[in-house]
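Chemist: Okay, here's the structure, questions in a sec.
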Amino acid sequence: MIALATVVLAGPFAALALLGVLPPLRRSGRPAGYVSILGIGTSLVAAVALALAYRAEPATATWETLWAPLGGQGGIRFGLLVDGLSVAMLAVVALVAFVVQVYSLGYMSSEKPGSLGRYYAYHSLFAFAMLGLVAAHNTLQTYVFWELVGLGSYLLIGFWYEKPEASRAAMKAFWTTRLGDVGFAAGVVFLWAAGGTFAFTDLFAEANAGTLSGTFLTLGVAGLFVGAMGKSAQFPLHIWLPDAMEGPTPVSALIHAATMVAAGVYLMVRVSPLLAHTPAVAAWVLGLGAFTALLSATMALTARDVKRVLAYSTVSQLGYMMAAVGAGASVAAFFHLTTHAFFKGLLFLAAGSLIHAVHSNDLFDMGRLWRRMPLTGIYFLVGSLALSGVFPFAGFFSKDEILLDLWREGHALAFWTLVVTAGMTAFYMFRAFFLAFFGARDGSEHAHESPAVMTVPMGILAVLALAGGVFGPAISDWLGRSASALPHAAAAAEHGGGSGAVPMLGSAAALAGILLAWLGYQRRAFRPEAVAAAVSPITAAIERRWFVDDVFLGLYRAFYLALGTVVGWLDRYVIDGVVNFLTAITWGLAGRLRRVQTGRVQDALYAVAIGLVLLALLAMGL
Amino acid sequence: MTLERLLLLSFVVFSIGLYGVLARRHVIALLLSIELMFNAVNLAILSVAWAHGWLTGVILVLFGIAVTVAEVAVGLSLFLLAERVRGTTAADDLSTLEG
């Protein structure tokens, strides 16, 4: 198990090292891509083998080594934690990363060889960091890989660095997630203060034994959640994700839909045994998740850019997962994470295929592409149905499980919020679908289907988006055996079932959304523009992204710049003043003292002679 | 002749040399004064050695005189160089080290 997990990590790392130390290989373009794909391919094979091995014998395996000794307190360890949760996540990450890297060969084919090599080097870095994050054995190691993942994301968002928007978006993503990471770092320290250990398994054991100190535990888990808010784009730190769409579309598919943004949810699922002991934090996770889900769904309603629709949708779905984690339904959250990785990755790749063909992100530049791009159309439809949660697509099962768990745990407000969100999700996805593939406008005469290197990877994800629901029982079983298993979760699942009305409700909301989109954008039974105009205050607020960006900008101007002015004044006049004053004194004294040095031999000799006389007097005891 | 008188002589010669070094301005005079001080020291060593019947002191003084000769040669060549480069042999004018 551990050996296989090491191979999973080693694949992308070897590719990264090769591309890093051999610049000619990196600059060669496509061969660099093959090296990177070979690396992640090795990972994928090892991850699948690991999953099969785990299925045959579900045992948690850990490996650790001392990294930094810490006096008598055991020190900081570096290790791998291979349990049901990490095995499943490793397979998902390796699969999506592999698919996306293959797809990129087609999507990025017009890049210069040097840029393409750089692209794949970044991809290998990201894949290594993400897999390392998943397999991390303790909070500190998670933090290290967490930051590496952030670096990979930053580099890939700003991949087209000559575009000012892209570098600005990369900066924004980096700083916003960093803001969350401050919380993460504090959380790691607080948890260490609470339990005296970084290792997840030890923390869980202490929490379940009731020996973890209350305040520090709450602060620690809250800190980790702040980190997860940044990475998983939860309100109010969600502002970076829509802008991150400036990166290449495959990057958006891999990092900003399937894997990295899910890292926050993964972390919360990982520490769910701790979350179970901190109900106050769990309530926040639930509330903020549900609120984020609704808020970003509204923003997706009016977005014109197909990638932004998907980005808001990603934020919304991450809100779903967070809400589930907060409600104690970490199995449902992780199930949704898995299926979301498949169908949202698929949707992004299909959107990339559209953009590749039309050379525009704008939905209103597209239209009537169904005939010209049948495969992309089908894949987009599959992804949209899965995201909307229509039976029997993967999203139906996972979304349903979240709703069911929320209902069972008695979180009525969050439940209804998410049901409404489900309807909106279906509406905006099918709005995008009808606008791009049907519609009145024919904006693209020369659009044609993408090459096989792009459609085959999409096909793989489409199959998983269609049939991903079958993984549900396995995920439930594996998480039940994992280090992060909740004590009562297995029992709850046993007598579960809930009311049969809940799945009906979710599906009804989804179908209503689809119907509305069909009426509005296909049949033209009503004019969506008129509806938007009728509720113009809301539309205007959505256009301004509910003013969250403006609030951040205002805070920046009011506090940060003001603080900067004060600090700048202090530095310029107080600190520099003290230094300048001391310098002036030294200069003045030195100017007087230097006159002692006349340069005449005899003056020096006078000094020697006087010294001699003094010594003689001393010697005579005077 | 007692040891005290010899040492007194040595002290007087040394003081004359010291006065010369401090008071004279010409470098040759400086060098001569330094030689005077040096010989006063030699005389002191020799006196003590003579009083105790030590041969070591005599040998030390012989070596000292040999070194002094070399030193005078070096000193004189430096003064010649100073005369050639700076055009002066007055100690007060050689004050490049002034702070």
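The values are calculated or read from the model by the stated rules, or taken from the named source; none is laboratory data. In this text, all values refer to a predicted model and were calculated from it rather than measured experimentally. Cβ placement follows ideal geometry from the backbone for every residue including glycine, while neighbour counts extend to all protein chains displayed.
Chemist: Against the conditions (1) away from chain B (no Cβ under 14 Å); (2) modelled with pLDDT under 80, where does residue A:599 fall short? Just the number, please.
Modeler: Failing condition for residue A:599: (1).
Chemist: Considering A:93, A:35, which residue is β-branched (Val, Ile, Thr), over 24 Å from the mean Cα position of the chain (by Cα) and assigned to a helix (DSSP H, G or I)? Show your work before the answer.
Modeler: Values: A:93 fails: over 24 Å from the mean Cα position of the chain (by Cα).
Only one candidate passes the filter, namely A:35.
Chemist: When you go through A:541, A:609, A:517, A:525 one by one, which is the residue that is assigned to a helix (DSSP H, G or I), away from every other protein chain (no Cβ under 14 Å) and either touching a residue at least 40 places away in the same chain (Cβ under 8 Å) or over 35 Å from the mean Cα position of the chain (by Cα) (or both)?
Modeler: Details: A:541 fails: either touching a residue at least 40 places away in the same chain (Cβ under 8 Å) or over 35 Å from the mean Cα position of the chain (by Cα) (or both); A:609 fails: away from every other protein chain (no Cβ under 14 Å); A:525 fails: assigned to a helix (DSSP H, G or I).
Result of the check over A:541, A:609, A:517, A:525: A:517.
Chemist: Still on this structure, I have one more. Pairs needed: first member in segment A:194-213, crowded, with 22+ Cβ neighbours inside 10 Å; second member anywhere, of a type in the set (Asp, Glu) and at pLDDT 80 or above; C-beta distance under 6 Å; at least 6 residues apart or different chains.
Modeler: From residues that are crowded, with 22+ Cβ neighbours inside 10 Å, the pairs are A:195/A:206; A:212/A:206.
Chemist: Would you please name the residue that is farthest from the other protein chains (Cβ to nearest Cβ), looking only at residues in segment B:79-99 that are within 14 Å of residue A:602 (Cα to Cα) and modelled with pLDDT under 75?
Modeler: In this case the residue turns out to be B:96.
A quick yes/no check of all residues on (1) within 25 Å of residue A:109 (Cβ to Cβ); (2) more than 19 Å from the chain's Cα centre (by Cα); (3) surrounded by fewer than 24 Cβ atoms within 10 Å (Cβ to Cβ):
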{"position": "A:317", "(1), (2), (3)": "no, no, no"}
{"position": "A:321", "(1), (2), (3)": "no, no, no"}
{"position": "A:325", "(1), (2), (3)": "no, no, no"}
{"position": "A:330", "(1), (2), (3)": "no, no, no"}
{"position": "A:340", "(1), (2), (3)": "no, no, no"}
{"position": "A:345", "(1), (2), (3)": "yes, no, no"}
{"position": "A:350", "(1), (2), (3)": "yes, yes, no"}
{"position": "A:353", "(1), (2), (3)": "yes, yes, no"}
{"position": "A:357", "(1), (2), (3)": "yes, yes, yes"}
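Chemist: Same structure, new question: Of the residues in segment A:214-248, how many are free of Cβ contacts under 8 Å to residues at least 60 places away in the same chain and farther than 20 Å from residue A:288 by Cβ?
Modeler: The first filter runs over segment A:214-248 and keeps only residues free of Cβ contacts under 8 Å to residues at least 60 places away in the same chain, leaving A:214-216, A:219-220, A:223, A:226, A:229-230.
Narrowing the set further to residues that are farther than 20 Å from residue A:288 by Cβ leaves A:214-216.
Going through segment A:214-248 one residue at a time, the tally reaches 3.
Chemist: Looking at this structure, is residue A:132 of a type outside the set (S, T, N, Q), assigned to a helix (DSSP H, G or I) and at pLDDT below 90?
Modeler: no
Chemist: It is to be established whether one or more residues within segment B:48-64 are under 27 Å from residue A:604 (Cα atoms) and among the aliphatic types (A, V, I, L, M).
Modeler: no
Chemist: So, in segment B:53-78, how many residues would count as being surrounded by 11 or more Cβ atoms within 10 Å (Cβ to Cβ) and either among the aromatic types (Phe, Trp, Tyr) or within 14 Å of chain A (Cβ to nearest Cβ) (or both)?
Modeler: 3
Chemist: Among helices (runs of 4 or more DSSP H) lying entirely in segment A:242-356, which contain 2 or more residues that are under 22 Å from residue A:453 (Cβ atoms)?
Modeler: Qualifying helices (runs of 4 or more DSSP H): A:249-253, A:306-326.
Chemist: Of the conditions (1) closer than 27 Å to residue A:343 by Cα; (2) among the hydroxyl-bearing types (Ser, Thr, Tyr); (3) not in a helix (DSSP H, G or I), residue A:211 satisfies every one except a single condition; which number is it?
Modeler: Condition (1) is where residue A:211 drops out.
Chemist: May I ask you to list pairs of residues, at least six apart or on different chains, whose Cβ atoms are under 7 Å apart, with the first in segment B:1-24 being without any contact (Cβ under 8 Å) to a residue 24 or more places away in the chain and outside any loop (DSSP other than H, G, I, E, B) and the second being of a type in the set (Ser, Thr, Tyr) and surrounded by fewer than 17 Cβ atoms within 10 Å (Cβ to Cβ)?
Modeler: B:22/A:606
Chemist: Listed residues A:558, A:604, A:525, A:619; which is under 30 Å from residue A:302 (Cα atoms) and small (Gly, Ala, Ser)? Step through it out loud before you land on a result.
Modeler: Values: A:558 fails: under 30 Å from residue A:302 (Cα atoms); A:604 fails: under 30 Å from residue A:302 (Cα atoms); A:619 fails: under 30 Å from residue A:302 (Cα atoms).
Matching residue, one of A:558, A:604, A:525, A:619: A:525.
Chemist: Can you work out which of the residues in segment A:365-384 that are free of Cβ contacts under 8 Å to residues at least 60 places away in the same chain and in a helix (DSSP H, G or I) is nearest to residue A:322 (Cα to Cα)? Before you say what the answer is, go through the steps one by one.
Modeler: Of segment A:365-384, the ones free of Cβ contacts under 8 Å to residues at least 60 places away in the same chain are A:371, A:380-381, A:384.
Next, from what is left, pick out any that are in a helix (DSSP H, G or I): A:380-381, A:384.
On the way: A:380: 26, A:381: 26, A:384: 21 Å.
Looking at the filtered set, the residue picked out is A:384.
Chemist: Starting from residues that are more than 13 Å from every other protein chain (Cβ to nearest Cβ) and surrounded by 19 or more Cβ atoms within 10 Å (Cβ to Cβ), keep the ones in segment B:1-35 and report whichever is farthest from residue B:62 (Cα to Cα).
Modeler: The qualifying residue farthest from residue B:62 (Cα to Cα) is B:13.
Chemist: May I pose another question? Out of A:431, A:408, I need the residue that is within 24 Å of residue A:368 (Cα to Cα) and of a type in the set (D, E, K, R). Which one?
Modeler: After ruling out the rest, the residue left standing is A:431.
Chemist: Same structure, new question: If you scan segment A:155-173, which residues turn out to be outside any loop (DSSP other than H, G, I, E, B), free of Cβ contacts under 8 Å to residues at least 40 places away in the same chain and closer than 17 Å to residue A:123 by Cα?
Modeler: Residue satisfying the conditions is A:155 alone.
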